[in-house]
Amino acid sequence: MWGFTHPNQGCPSQTCSCCQQLFCGWLQQLAGAGTGCQPLTRDRQRGGIPSCYVPSPFPLHSHCFHTFPSPLPVHSHPAQQELCCQHRLCPALSPELSIPRSCQHPQPLPVPPQSKNQPHRRGEYNVYSTFQSHEPEFDYLKSLEIEEKINKIRWLPQQNAAYFLLSTNDKTVKLWKVSERDKRPEGYNLKDEEGRLRDPSMITVLRVPVLRPMDLMVEATPRRVFANAHTYHINSISVNSDYETYMSADDLRINLWNFEITNQSFNIVDIKPANMEELTEVITAAEFHPHHCNTFVYSSSKGTIRLCDMRTAALCDRHAKFFEEPEDPSNRSFFSEIISSISDVKFSHSGRYIMTRDYLTVKVWDLNMENRPIETYQVHDYLRSKLCSLYENDCIFDKFECVWNGSDSVIMTGSYNNFFRMFDRNTKRDVTLEASRENSKPRAVLKPRKVCVGGKRRKDEISVDSLDFSKKILHTAWHPSENIIAVAATNNLYIFQDKVN
């Protein structure tokens, strides 16, 4: 059963700038960063976000979930938060949720980092930390304004009490350290309590400094700044499994970085032609293999996926494997190339499969079979007849993401009208759910939704003509070991969690 947490409404002043925000706790685990945040203490327990639960059937097997019968009811108390007064898109749900490029979407707004104060019970979600990651800049050489918006967030595995993450805007990647401090040193010999130097002639007693308790503080400090390596907008960053390197990808190039070296990167993919008029495709997403540090994959706007091995050459201009599905000539249309562009690519946790999302479908590929996907899921095929109008309002260029659950048995992705879809790979059953305020009352049932294509529809169905294309879920995240998911619907954040009696 799922719970759905609903943040307090309002627009906190600290979230109205494009700050880098942390979804600590379970989002930390999404990046393999440990067990998550520590329980909230002192002031962090005040003014929290209560979580409620409402049931809704979701046909999944119990082995996919912890202590749940099958079919799985989805519980929700949507605890959404108005993060900004302007209608913007929610930015990154770390680590998998990202912000689309500014040429295709409005400037996104920040998602406050959330921390759960009762890890294994029905609890509250509070803002854990808020800080400014990037500042707006101006490239005087190219007369180009560089926005402060965050395109991607990636967590590093937790090695100690502090948390580390990568954040990037269009041009610059930064490594941040987020740490807690609840003690302060006192009793210095050469300094007074306010930090001023003492007169040595006035020091008559030798004191031993001690640590005194203080209110808990969460500090964010930049540790590395990786800049001046991308000509085009960065669309992806991915941490390698060796935890010493990471890669950043823009439209035409992919660079490999070492965490300790900020002034030099290695170009491992370059698809820029000598004559830009011959350009036929761009890089849309890239990710490292979860277990093999020499292997990575990147997708293109032509719907192809290339698997590369860095052991073969310094510049991976020749792929090791090439994944492409033959096009059905009967479905060929003016929009075929646009809707086949891959907006997201994800390795499964096992590393055996690759999942890709294009405009209408989610596809699962076996690394051992390059000629076709082994699974294809229709996300919103009812929009095929609406492609012309979607092209006119630019919705056809929306970049939807997709995520695996912890056991790689369920897939989730977003759609329009604040709908999001879940597909069970074992039973081949699927469900459409809606994240909205109207069905967010405590103990209310979050019913599966169905879109009707024809003119005649049932009472509980919604017509395809009445879908609101301004309400869209582009970014989603799923906890790797628990049934907790997050979806970003325009400027609202919804957190679903399993019900605990």
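The numbers here are math on the coordinates, done by the rules we state, and not lab data. Quick caveat, the model's predicted, so the values are computed rather than measured. Glycine also receives a Cβ, built like all others from the backbone with ideal geometry; neighbour counts cover every protein chain displayed.
Here is how the numbers come out for the structure above:
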{"read-out": "Violating pairs (Cα-Cα greater than 24 angstrom) within the set K363/K399; K302/K363; K399/K450; K363/K386; K399/K447; K302/K428", "value": "K399/K447; K302/K428"}
{"read-out": "Extension gain (nm, one decimal) between E278 and M202, 0.36 nm per residue minus Cα-Cα", "value": "19.6 nm"}
{"read-out": "Per-residue HN-Hα couplings for the stretch 238-255 [Karplus 6.51, -1.76, 1.60; θ = phi - 60°; Hz; x = Gly/Pro]", "value": "8, 8, 6, 6, 7, 6, 10, 10, 8, 10, 10, 10, 10, 5, 10, 9, 10, 10"}
{"read-out": "Potential lengthening between A320 and R372 on full extension [0.36 nm per residue; Cα-Cα distance subtracted]", "value": "17.1 nm"}
{"read-out": "Projected label distance in nm at A161 and E180, using a 7 Å step from Cα toward the beta-carbon", "value": "0.9 nm"}
{"read-out": "Contour excess over end-to-end distance, with Cα ends at Y391 and F266 and 0.36 nm allotted per residue", "value": "41.2 nm"}
{"read-out": "Spacing of the two label points (7 Å from each Cα toward its C-beta) at K450 and H291, in nm", "value": "4.1 nm"}
{"read-out": "Distance between modelled label sites at E137 and R384, nm, 7 Å Cα→Cβ extension", "value": "4.5 nm"}
